[in-house]
Amino acid sequence: MNCCVITKDGSHVVTGSSDATCKLWDYQTTECIATYRPGLSAGDIVMDASVLHIFLLPHTIASAAEMMIVVTKFHQAYLLTVQGKLIRSFSSGKQVGGSFTCATISPQGKYLYGAAEDGNVYIFDTSTGKLEHTLEVSDKLTKKTGSGSGSSLPMEIIGLSHHAQRNIVATTTDDGQLVLWKP
């Protein structure tokens with residue numbers, strides 16, 4: 001199990017795992033009520049679509065059904081009902097280098113921010129699924145390789161957070177750098 005959230009009414013828990021599944025659990029009985037694989041059909045071959053994050057959306061964004069965003073270690077994330085019904089997907093648009101490494105949502109749930117292997121942060125409107133903006137941070141975050149002068153590699157973004165009251169996004173990298181961005 002990689003992540004979990006408790007529904008707003010406290011009656012269910014949703015978990016995400018490395019086998020690309022989400023499970024809906026009854027909080028009282030601890031029984032698994034449903035298992036689903038966001039964006040995948042039975043028989044699909046999965047290379048690595050581990051579920052990285054699950055975010056519940058505020059009721060102001062969602063309809064009567066409670067909604068969540070599931071981010072996978074793939075180039076797509078999904079907006080679903082807690083029961084597993086797919087509403088829409090979000091994609092970096094890149095088959096190579098576009099797999100998400102981490103993600104966050106804005107405080108009001110309007111935007112999904114997904115950091116990808118290519119070192120960019122993709123910003124999606126959660127109500128439409130449209131890619132609104134790309135923070136091209138890969139050229140600004142590099143580390144020395146030690147194998148000659150001027151040699152550098154892009155750093156992997158391993159953490160992403162949105163400020164609760166300001167339009168600022170923080171990224172952390174695999175070498176411990178913290179950088180603040182204005183999207």
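The values are calculated or read from the model by the stated rules, or taken from the named source; none is laboratory data. Nothing here was measured: the structure is a model prediction, and the numbers come from that model. Glycine gets a Cβ as well: all are built from the backbone with ideal geometry, and neighbour counts include every protein chain shown. Protein only, heavy atoms only, side chains kept; ligands, DNA and RNA dropped before computing areas. Shrake-Rupley method; radii C 1.70, N 1.55, O 1.52, S 1.80 Å.
Below, the figures for the structure above:
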{"read-out": "Residue match in region 150-164 (condition: among the acidic types (Asp, Glu), open to solvent by 40 Å² or more (accessible area, probe 1.4 Å) and modelled with pLDDT under 90)", "value": "yes"}
{"read-out": "Residue in region 167-174 that is at pLDDT 75 or above and open to solvent by 80 Å² or more (accessible area, probe 1.4 Å) present", "value": "no"}
{"read-out": "Every residue from region 20-34 that is over 18 Å from Val71 (Cβ atoms) and either touching a Gly at 6+ places or on another chain (Cβ under 7 Å) or assigned to a strand (DSSP E or B) (or both)", "value": "Trp25, Asp26, Tyr27, Cys32, Ile33, Ala34"}
